[in-house]
1. For the cross-link pairs LYS205/LYS275; LYS205/LYS307; LYS275/LYS307, which exceed 29 Å when the distance is taken from alpha carbon to alpha carbon?
2. Any chance you could tell me what percent of the C-alpha pair distances in region 268-382 go past 20 Å?
3. How long are the three semi-axes of the equivalent ellipsoid of region 363-453, in whole Å, if each is the root of 5 times an eigenvalue of the C-alpha gyration tensor, listed from largest down?
4. Treat each spin label as a single point 7 Å out from the Cα along the C-beta direction, and report the ALA426 to HIS210 distance in nm.
5. Give me the distance in nm between label points sitting 7 Å out from Cα along the Cα-to-Cβ direction at ALA326 and ASP474, one decimal.
6. Please label the shape of region 305-344 as rounded, prolate or oblate, based on the square roots a ≥ b ≥ c of the eigenvalues of the alpha-carbon gyration tensor (a/c under 1.5 means rounded; beyond that, a/b larger than b/c means prolate, else oblate).
7. List the residues, sorted by chain then number, that are 5 or more residues from PHE101 or on another chain and whose placed amide H is less than 5 Å from its amide H.
8. What is the distance in Å between the Cα centres of region 349-395 and region 308-340?
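Quick note: the coordinates plus some simple rules give every number you see, no bench work behind them. Note that the structure is a prediction, hence the values are computed from the model and not measured. As a convention, Cβ positions derive from the backbone with ideal geometry for all residues, glycine included, and neighbour counts pool all protein chains shown.
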Amino acid sequence: MIPFIQRIALLVLGIGLITALASCGGSGGSSGGSSDAIEGKGTVGILLTDKPADPSLFSSINASIESIALLDSESGDKIELYSGPTKTFDLLRLRNESIPFSFKDNVPSGRYCKIRLILSDLELVLADDTPEDSTDNETYHPHLPGNGKLDLLARDCFHVVAGEIVTLQLDIDAGNSIHIVGNNKGYNVRPVVFIDVLKHGFDGKLVRLHGSIAKIDAEQQKFLLCHAIPTQYMNTRGCVDVHLGEDSAFFDNEGSMGGAPRPLSELLSNDNIGKQVMVVGWPRHWVKPHFDIEVPEGHYPPPGECKLWDINLEPGQQAAPIDCDAVPDDLPVDIVVVTHEGVHDLYHPLMVVDGLVVELGEFLRVEGEVATSVDANFFSMNVATADPVITDVMLDVMLQQGGDDFNGTRIVSKSGKLVDFSAILASRPVQVDGTMEALTSVEQLLKAALVIVDTDYRGARQLTGTVLDVNGSDSLLLDPDVDSVCGETNDMLKVELAENLEMLTVTITNEGSKIVPDGDLAIGQSVGMNGVCQASGYYTDNLVIVDEQRTFPP
């Protein structure tokens, strides 16, 4: 099942980052203990992802996030979702999936219209002619105005509901964010970032999770993956409920398996409990609630001790407390932990994911571009990056075949939709999970478990400039900031505007910035967009009006 998400838009413009939310939606599914529901507390989670930037310009874009907070729409109180230590992510490694950033419970229920994000640094690592060695690459650190404090204002507010989990996805559009200043004097950073609420109404990306198998339910075709989600001040093992179905595939690179596809029954064996696996799948918008447990006064254990509370027994029938350090890792599904502070369902999942690919053992993750389209289950790719690092600049990739009771290589689009092998076309961006097989002393073959191909890629490029004329809602004339656009050198470019043009107006001051949906195009405005070249000229379905009001010291 593919999840749906309601879109919140955030745009950051200028040499630094200037932001606000364009829209947002309601909460996701249900979770949280009974005490949380009584106190009016919920849980909020953050996923992080990225849209692609030009790999020919940058080898890395490292964003350092210091904190994220909700601002209560009535009281203005700040509720920390994450407050350090600073986490740094290479956004270019997140172009095809999202990863969990942090989950936080005890968030007061209520209506929220503003998110505050603190960035401590944004590092651009420029590409060079030696992609296998980035130690000598030139780096660029744009100034972050306001000490990196970004207040994100919402058009429509969302709610945190008592006892429920709201999961937000922070999606930074690096491809539409950074462009070269004229005459190669540096880089302006214009990050377009979206924050999505997991909810019916929007197709989401795949999520990538790494953790250990804690429980297996072969009858229900699912397993519990724990230590997979980082948490902020939560007494939990960071678990995810992974469901398997007819589209799921399991690949084994332990022992002599060599990364081959295997039946799901081999994954759903109790012998695999405790083993580390990588899971790529579709997050659901709903998480079932915690057990509804009431612990009467006098039945809480003393500080430092824990009760293994059986939900099927009365309070007076519960076992005696034990030292909390002695709580076993593998608890039955009907056992929760009660401490002096309250009830802790350590293994309750913070997310539910429909698994697409499960990888046991070590697998490569290689990004690049399709060099030759698929021919008899093989294609070649030009390598941009790989984790772990490899020295090959071109690889032959094999699509592994399934059998009567198991699937082979899974092929999906960037939006997470399963596609046919015919989607693997030359020049399309591609990411491959797989294992390497040595054919000769110099020749290697990448046996694919997962192929993610950008089926919508059309050579999009970022463009900024000054408006010279406006032709209603159909087109405008632009004086571009660069010398050549769409293969032509001119200072008057016709830009065709999509009928469903998404337009935002950003006002930048010394104190910060404000962004509002829509706007009125006028001669002399500075604008930015991300579009494509076509026969009739340049075309875009998004446009940002920049109202620069900052004053600078002489």
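1. LYS205/LYS307, as the Cα separations exceed 29 Å there.
2. Value for region 268-382 (Cα pairs over 20 Å): 62 percent.
3. After scaling each eigenvalue by five and taking roots: 19, 16, 12 Å.
4. 3.6
5. The two pseudo-label positions are separated by 8.1 nm.
6. Oblate shape, in that a/c is at least 1.5 and b/c is the bigger or equal ratio.
7. ILE46, LEU47, LEU48
8. Using only Cα atoms, the two centres lie 43 Å from each other.
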